[in-house]
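The values are calculated or read from the model by the stated rules, or taken from the named source; none is laboratory data. Just so it is clear, the model here is predicted, and its values are computed rather than measured. Don't worry about glycine lacking a Cβ; one is built from the backbone with ideal geometry, like all the others, and counts go over all protein chains shown. Accessible surface is based on the protein model in full, side chains and every heavy atom, while ligands, DNA and RNA are left aside. Shrake-Rupley method; radii C 1.70, N 1.55, O 1.52, S 1.80 Å.
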Amino acid sequence: MSHQVVQLANGQWSLRSLDVEETYHPVVGPESESNVLYAQQIQLERLLTASTFVVWDVGLGGAANAIAVINAASQYNGKLKIYSFEHDLEPLNTALNNIDKLHYLIPYQDILTELLHQRKIQFTNNSIQIDWEIVYGDFPSWLTNQKDSSSDIQQPHAILYDAFSPKKNPDMYTLDIFRKLHRLLNNSAPCILVSYSRATLLRVTLLLAGFYVGKGAATGEKEETTIASNKLDILSKPLSKEWLGRVQRSNSAEPLHTPEYIQQPLTQDSWKQLLSHPQFSN
Ligand SMILES: C[S@@+](CC[C@H](N)C(=O)[O-])C[C@H]1O[C@@H](n2cnc3c(N)ncnc32)[C@H](O)[C@@H]1O
């Protein structure tokens, strides 16, 4: 068993990885954080104009983020496609075995059980048609194998980027990964990527990968998180030039060039690239 459920200080229950020693949605619990951080920040009203609104749920885990998106999307008419990327289905199994504590799962128990076994499911919630699929395997390897945007997998309008922390899960935070991710986006359609982290290292990485980067909503004790996009005008709070001062002072700003967690100040080369990013150079 690599996961168990633990009770948070506010009384909510959440999953914890015993191997990685990290708790999912650690401060406020899965229901609140998944809604505030992910569902409410991906501009789901775009469902009304998209033929199918596509979400990449990176790190399915206990499915809290995906369920929060389904709940929030259910006020609209339209079609929602969710691809959940995951290389370990044990957390979802453990979550379903603890449904008495993880109440967000209750309305979706049968759906999740089928998803777990068939790896895909289609259903309707109010007026929304949902097509949910697990893309099983190592996400960085999957990205490396996507040669261009001609993949079977539809390009995302939103990416819920919820791996473990860069320290524990460095393979999911390299500059190479985010460059590949950015390359797969649809140039003509905005995509919003949400991360719970506000680390300078992550923000610099996203910028050097080609994303525009802004401040995301507060959640629990975190006064800020991160939102990135391939379009500047979709960000309500883009990082300003003043933020570059923080980068210069930081001891952990240089992107990870290999899947190894190394903290170091920004190199001259990365600094030059950052200054020439269109978010700051215009
Ligand atoms: C913090 S948990 C995700 C929580 C989840 N989003 C939720 O709402 O319950 C991180 C997840 O990322 C997955 N993960 C980590 N590294 C991965 C990789 N290289 N490929 C695919 N999934 C990965 C882990 O197995 C874990 O389930």
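Among 126, 71, 169, determine the one that fluctuates most according to a GNM of the chain built with springs between C-alpha atoms less than 10 Å apart.
Sorting by GNM fluctuation, first place goes to 126.
Roughly speaking, what is the centre-to-centre gap between segment 126-189 and segment 54-77 when only Cα atoms are used, to the nearest Å?
So the two Cα centres are separated by 15 Å.
Can you give the convex hull volume per residue for the Cα atoms of segment 176-282, as a whole number of Å³?
Residue-normalised Cα hull volume stands at 108 Å³.
In whole percent, and with a 1.4 Å probe on the protein chains, what portion of the accessible area of the chain is carbon and sulfur?
Taking all protein chains in place, the chain shows 44 percent carbon and sulfur surface.
Filter the cross-link list 215/241; 241/272; 120/167 down to pairs whose alpha-carbon distance in this structure exceeds 22 Å.
Exceeds cut-off: 120/167.
Given a 1.4 angstrom probe, what's the average accessible area per residue across segment 3-281, in square angstrom?
Using a 1.4 Å probe on heavy atoms only, each residue of segment 3-281 averages 45 Å².
Per residue of the chain, what 222 nm ellipticity follows from adding -39500 (n - 2.57) for every DSSP H run with n ≥ 4, rounded to the nearest 500?
-7000 deg cm²/dmol
Semi-axes of the chain's equivalent ellipsoid from the Cα gyration tensor, sqrt of 5 times each eigenvalue, largest first, rounded to whole Å?
30, 22, 18
If a/c stays under 1.5 just call it rounded; otherwise compare a/b with b/c (prolate if a/b is bigger, oblate if not). Do that for segment 210-252, with a ≥ b ≥ c from the square roots of the Cα gyration tensor eigenvalues.
Verdict is oblate for segment 210-252.
Kindly identify segment 66-121 as rounded, prolate or oblate by the Cα gyration tensor criterion: order the square roots of the eigenvalues as a ≥ b ≥ c, call it rounded if a/c is under 1.5, otherwise compare a/b with b/c, prolate if a/b is larger, else oblate.
It comes out oblate by the Cα gyration axes.
Mean-square fluctuation check for the chain, GNM, Cα pairs under 10 Å: which of 125, 35, 230 is largest?
Fluctuation is largest for 125.
How would you order 12-25, 259-272 from highest to lowest mean count of nearby Cβ atoms within 10 Å?
12-25, 259-272
Would you work out which of 37, 214, 105 lies farthest towards the positive end of the dipole of segment 3-281? Charges go on Cβ: Lys and Arg +1, Asp and Glu -1.
Result: 214.
Specify the residue with the greatest mean-square fluctuation among 141, 32, 229, computed from a Gaussian network of the chain linking alpha-carbon atoms under 10 Å apart.
Highest fluctuation of the listed residues: 141.
When all C-alpha to C-alpha distances in segment 39-156 are sorted into bins of 5 Å, what percent of pairs does each bin hold, rounded to whole numbers?
Whole-percent P(r) values from 0 Å outward: 2, 11, 22, 24, 20, 14, 6, 1, 0.
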